[in-house]
Each structure stands twice: as structure tokens, then as C-alpha cells.
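Accompanying notes for the structure given below.
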Amino acid sequence: MMLQTTVFAAARSRAHGPTAALWHAVELHRPPAELDGACELTVCGSLARIAPEQAWPLRAADVCPSCTTLAR
Ligand SMILES: [Zn+2]
């Protein structure tokens, strides 16, 4: 039996044109301690900056619906 746990981090995108800033999920391939605030590719394919102090899933109103569906 193989146990596989995918860990996600919460990342905040920036408002871009008509797109509001949203919380996204980023699949972690590194320990969160090694994240240095760089932009990472989110589960839904955009770029967002990881907020190490936030855990995914977030209980916030402005969470990306695509990431909510894909990262669970
Ligand atoms: Zn997203």
C-alpha cells in the first residue's frame, strides 16, 4: 500500500486588471520552510505568492473556485 499525501499551501495572487486578488492553492514539493516568498504556479495555473502562515484550505470568502475544486 502506498500512502500519498499532497500538501497544499495557500498563495495570494495580485489583482490584475478585472481579476481580483484571490487565494489560490500551490502544490508543495518542498518543505514550507524553504519557501522564500517567491511566486509559485498555482493549481489552477496562475502565479501567486505563498503565504507560509496560511494553511490550505482557507476559510476565506475570496478563494479561487478552481483551486477549491482541484486542491482537496
Ligand atoms: Zn486558483
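Step by step: first the residues of the range 22-35, then only those that are more than 10 Å from the ligand (Cβ to nearest atom) and within 18 Å of Ala71 (Cα to Cα), then the one that is most open to solvent (accessible area, probe 1.4 Å). Which residue is that?
The qualifying residue most open to solvent (accessible area, probe 1.4 Å) is His29.
Any residue at all in the range 36-45 that is surrounded by 13 or more Cβ atoms within 10 Å (Cβ to Cβ), under 10 Å from Phe8 (Cβ atoms) and under 9 Å from the mean Cα position of the chain (by Cα)?
Yes, the range 36-45 contains at least one residue that is surrounded by 13 or more Cβ atoms within 10 Å (Cβ to Cβ), under 10 Å from Phe8 (Cβ atoms) and under 9 Å from the mean Cα position of the chain (by Cα).
The values are calculated or read from the model by the stated rules, or taken from the named source; none is laboratory data. Computed from a predicted structure; not experimentally measured. Cβ atoms come from the backbone with ideal geometry, glycine included; neighbour counts cover every protein chain shown. Remember, those area values only see protein heavy atoms, side chains included, never the ligands or the DNA or RNA. Shrake-Rupley method; radii C 1.70, N 1.55, O 1.52, S 1.80 Å.
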